[in-house]
Amino acid sequence: MAFSKTSDRQYVLSARADFTYADFTSGTELPVIELPPDAVVVGGQFVVTTVWDSATSDTFTVGDETDDDEYGAAIDGQAAALTALVPTGFEYTATEDVVVKWTGVGTAPTQGAGYLIVNYVRDGRSNENQG
């Protein structure tokens with residue numbers, strides 16, 4: 001079977017969700033971005049802009065409703081940093097939420113903020129034609 005080139009090209013779509021410590025309950029998934037059917041995550045980032053201050057630790061996972069750490073695991077919330085998401089090539093067959101889960105250990109935090117950016121493409125979508 002020969003590989004067929006296509007002239008269809010598409011722009012990467014991005015979705016951003018801002019959050020603070022007040023949005024989370026420890027150990028509970030928080031749905032933050034809805035992905036459409038046929039979406040494939042191709043990148044993104046989880047950014048801590050204000051560190052969490054639980055007494056012992058604050059960690060995050062980024063995933064979906066099926067696998068809560070599909071794109072990121074053991075992200076340190078007590079360090080102001082950018083953590084790149086790890087795309088897996090998974091293509092969604094139905095609408096599904098990207099979720100963030102925070103797990104705090106020790107005294108509840110009194111501060112913490114950040115944002116999540118998810119970059120994705122959709123199978124079959126075309127914005128441009130290029131030879």
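State, as an integer percentage, the relative contact order of the chain based on alpha-carbon contacts under 8 Å between residues 6 or more apart.
On the way: 332 pairs, mean separation 58.0, N = 131.
Reported relative contact order: 44 percent.
Residues V105, V98, sorted by accessible area with the largest first, give V105, V98 [1.4 Å probe; ligands and nucleic acids excluded]. Largest first, the residues R125, R16 sort by 1.4 Å accessible area into R16, R125.
Relative to the compact-globule estimate of 2.2 N^0.38 Å, the Cα radius of gyration of the chain comes out at 1.21.
For chymotrypsin sites (Phe, Trp or Tyr not before Pro), the sites in region 1-106 that DSSP calls loop and that have at most 10 other Cβ atoms within 10 Å are F3, Y11. Each Lys and Arg adds +1 at its Cβ and each Asp and Glu adds -1 at its Cβ; summed about the Cα centre, the chain shows a dipole of about 480 debye. Counting Lys and Arg as +1 and Asp and Glu as -1 over every other residue whose Cβ lies under 12 Å from the Cβ of V51, the net charge comes to -3.
The values are calculated or read from the model by the stated rules, or taken from the named source; none is laboratory data. Given the structure is predicted, the values throughout are model-derived calculations rather than measurements. FYI the Cβ positions are ideal-geometry reconstructions off the backbone, even for glycines, and counts take in every protein chain you see. With ligands, DNA and RNA removed, areas are computed over all heavy atoms of the protein, side chains included. Shrake-Rupley method; radii C 1.70, N 1.55, O 1.52, S 1.80 Å.
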